[in-house]
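Colleague: Below is the structure I would like to discuss, written out as structure tokens.
The values are calculated or read from the model by the stated rules, or taken from the named source; none is laboratory data. Just so it is clear, the structure is predicted and the values come from calculations on it, not from any experiment. Cβ: placed from backbone, ideal geometry, glycine included. Neighbour counts: every protein chain shown. These area figures cover heavy atoms from the full protein model, side chains too; ligands, DNA and RNA do not enter into them. Shrake-Rupley method; radii C 1.70, N 1.55, O 1.52, S 1.80 Å.
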Amino acid sequence: MASHTHQRILSLIVKKMIHEGYEIVAFDGDYTTLEKIPVNIPFKVLRHRPDVIGITRDMSKLCIGEAKTSSDLRSTRTKEEFIDFALIGDHVYKEVNLIIGAPLSSKKVLFKVIENLNLSSNKNIQYLFVPEALLSNV
């Protein structure tokens, strides 16, 4: 079961994806917190399943969303996911984007991980940093 923090970040990623014109086609989380989210589990992208997948209506763009807590960022699994999701080829879609969500306090750590993975210049990665005040269980 995903933590409250992970779920909150994931919910905000979904909202961002919808705002950017993606239709959510697969979601691995507590869908009861969001409206109109399918219960389809995301397909594997190379070695791992992303948290959420969206596709534009014209099927030209794919977007992968991945939520991370502070404790997730340095794990081997997270590094593998970032590589897989950021470097997936654009064979079917004109554009493949990755949105990584994390607590605002983890910003420096996340950017260091991205730099160490040689993904800093990848223009298809977007970041969503969530202030801790929005992550507290009020």
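Colleague: Return P(r) of the chain (all Cα-Cα pairs; 5 Å bins starting at 0; whole %; ordered from short to long distances).
Modeller: 2, 10, 22, 25, 21, 14, 5, 1, 0
Colleague: Take the Cβ-Cβ distance between residue 43 and residue 18 as r, set R0 to 25 Å, and report the resulting FRET efficiency rounded to the nearest 0.05. Could you put the intermediate results ahead of the total?
Modeller: Values: r = 20 Å, r/R0 = 0.79.
With a Förster radius of 25 Å, E is 0.80.
Colleague: Let me know the whole percent of all Cα-Cα pairs from the range 47-124 that are separated by more than 15 Å. Show your work: numbers first, answer last.
Modeller: Values: 1652 of 3003 pairs.
In whole percent, the long-distance tail amounts to 55.
Colleague: Right, here's the next one. Of all accessible surface on the chain at a 1.4 Å probe, what whole percent is carbon and sulfur?
Modeller: On the way: 4110 of 7780 Å².
The computed percentage sits at 53.
Colleague: Let me ask another. Taking 0.36 nm per intervening residue step and subtracting the Cα-Cα distance, what contour gain separates residue 80 from residue 132 on full extension? Write out the running numbers ahead of the final one.
Modeller: Values: separation 52, 0.36 × 52 = 18.72 nm, distance 2.58 nm.
Roughly 16.1 nm would be gained on extension.
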